[in-house]
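The values are calculated or read from the model by the stated rules, or taken from the named source; none is laboratory data. Just so we're clear, the structure is a prediction, and the values are computed from it rather than from any experiment. Glycine gets a Cβ as well: all are built from the backbone with ideal geometry, and neighbour counts include every protein chain shown. In case anyone asks, the SASA skips ligands and DNA or RNA and just uses the protein heavy atoms, side chains included. Shrake-Rupley method; radii C 1.70, N 1.55, O 1.52, S 1.80 Å.
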Amino acid sequence: QSHVLSQTDCIIVGSGVAGLSSALRLAKAGWRVTVLEREEIGREASWAGGGILCPLYGWRYPEPVMRLAAAGMAQYRRFTDELSANGHTDPELFTSGMLILDPGSSPAEQSTVSNWATRYGIRHQWQDASQHFPHLSQERALWLPDIETVRNPRLMRALVESVRAAGVDIRAYTPVHGLILDGAQVIGVRTEQGDLFAEHVLITAGAWSGQLVPDPLIPGLSPADIFPVRGQMIRFGAAMHTGLATILMDEGVYLIPRKDGSVVVGSSVEHVGFDKHTTDEAMTRLHRKAVELWPNLAHAPIAQQWAGLRPGTRDEIPYIDAHPEIAGLFVSTGFYRNGLAMAPAVAELITDVMLGRPTQIDLGDYRIDRI
Ligand SMILES: Cc1cc2nc3c(=O)[nH]c(=O)nc-3n(C[C@H](O)[C@H](O)[C@H](O)COP(=O)(O)OP(=O)(O)OC[C@H]3O[C@@H](n4cnc5c(N)ncnc54)[C@H](O)[C@@H]3O)c2cc1C
């Protein structure tokens, strides 16, 4: 037990979707929660993402990724209903379906895909793309009619409103520089604004999670364990209605229709460190592919270009765990390309761990000392 008088039961480091959704669960379980964010609230990967609620080419991921994503997908409607209650921002959950034009052409690949869809209860159909879209010629496209998206910047706004309403103290521009330990027990964090104490610290610092603990001997939390993977996106504005109503995906590029008629296109996958600049190259590639897939976009102006840093891990599996060596320290990070889809399930999981309750999903695959 900490000998320090704490103002809060739990300090959460990072205000992305992982931090805020966990803050909501812990606050609703009766804990006093403080979220510390080094920059603006919720403006990193969780803001930058596309908001597709299903791993892209999900059959290519390790099973623990798909298991967690499927658990998240199954509860999204409930999650967004909870967030948008009380007049809060609507995260715009939208069942647009997704047409994947290059799911694999061999019978073996197609049976892998069908098995994957069946296993996770994802309705699917093999289609000749030209039936619905005369300009597309792929004969064995994969249609997933139930795939949903959220407008993630709005999801983040709804989360902020909901955690504040639940009594959570969120502090922007408060970077955490390190943990305060008492032997093998965490008792707080050092911030630019001074030390803050709590019996529990949860690290949800996204791609930066490996920078927080200087001791490289602590497993799972070194810069080699968690690292940034840049993704660039463009958005065509809403002014020109292009008629796109479903997600189209080909050769790693996806087009996402928003309810207001704008179209988000992503994304690059780049290992360039903590660099969020955008490049002309990525813009050109995304633009060219977008127009090829949806020719109505040819004359639509690009309203925005941006980049975000996904929290990568070496095996693409997140870390969700109580730290094996430091009591009171918890980690929920490394969500790479699927952190939005996984969020509600992960928040439930880490909350159960922190409250000492049995977990719905076995933690084994997500342990920080697994590698
Ligand atoms: C281009 C792109 C497209 C994507 N598309 C999708 C998609 O379609 N579907 C999907 O499910 N996922 C998608 N993702 C992935 C998803 O966005 C991430 O997995 C998820 O947002 C990670 O959430 P997080 O809370 O762990 O990290 P973040 O949202 O990055 O939040 C971490 C926060 O911690 C803060 N922080 C860091 N260090 C400190 C410190 N020392 N002190 C205080 N605060 C700190 C950061 O400033 C940041 O706000 C995409 C990502 C990108 C970049």
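General observations
- Taking every DSSP beta bridge that has both ends in the chain, the antiparallel portion is near 70%.
- D_trans [Stokes-Einstein, Kirkwood Rh over alpha-carbon pairs] for the range 313-371, 25 °C, 0.890 mPa s, µm² s⁻¹: 209
- Under 5 Å from the amide H of ILE180 lie the amide H atoms of ILE187, GLY188, VAL189, ARG190, each residue being 5 or more positions distant or on a separate chain, with H modelled from the backbone and absent for Pro and chain starts.
- A 1.4 Å probe run over the range 89-150, with the rest of the protein chains in place, finds 49 Å² accessible per residue.
- Positive-end residue of VAL346, PRO175, HIS88, charge dipole of the chain with Cβ unit charges: HIS88
- Kirkwood's formula applied to the C-alpha pairs of the chain gives a hydrodynamic radius of 21.2 angstrom.
- Loop-located trypsin sites (Lys or Arg not before Pro) in the range 180-249 (DSSP state other than H, G, I, E, B) with a sparse environment of at most 11 neighbouring Cβ atoms within 10 Å are absent.
- The fraction of all Cα pairs in the range 125-221 landing in successive 10 Å bins from 0 to the largest distance is 11, 27, 21, 14, 14, 11, 2, given as whole percents.
- Rg to Rh, two decimals, where the range 245-306 supplies the alpha carbon set and Rh follows Kirkwood: 0.96
- Computed from point charges on the beta carbon alone (+1 for Lys and Arg, -1 for Asp and Glu), the dipole magnitude for the chain about its Cα centre is near 640 Debye.
- Ellipticity estimate at 222 nm from DSSP helix runs (n ≥ 4, -39,500 (n - 2.57)) divided over the chain, nearest 500: -8000 deg cm²/dmol
- Overall, the range 46-169 carries a charge dipole of about 160 debye about its Cα centre when +1 sits on the Cβ of Lys and Arg and -1 on the Cβ of Asp and Glu, all other atoms neutral.
- Over the range 1-126: Rg over Rh, Cα atoms, Kirkwood Rh: 1.08
- Of the accessible area of the range 291-371, computed with a 1.4 Å probe over protein heavy atoms only, carbon and sulfur atoms account for 47 percent.
- Using a probe of 1.4 angstrom and keeping all protein chains present, the accessible surface of the range 163-207 works out to 43 square angstrom per residue.
- Scaled against the 2.2 N^0.38 Å expected of a compact globular protein of N residues, the Cα radius of gyration of the range 222-369 reads 1.28.
- Our summary of shape: the Cα atoms of the range 269-345 have principal axis extents of 57, 27, 22 Å, ordered from largest down, in whole angstrom.
- Charge dipole (Cα centre; +1 on Lys/Arg Cβ, -1 on Asp/Glu Cβ; no other charges) of the range 240-323 amounts to roughly 280 debye.
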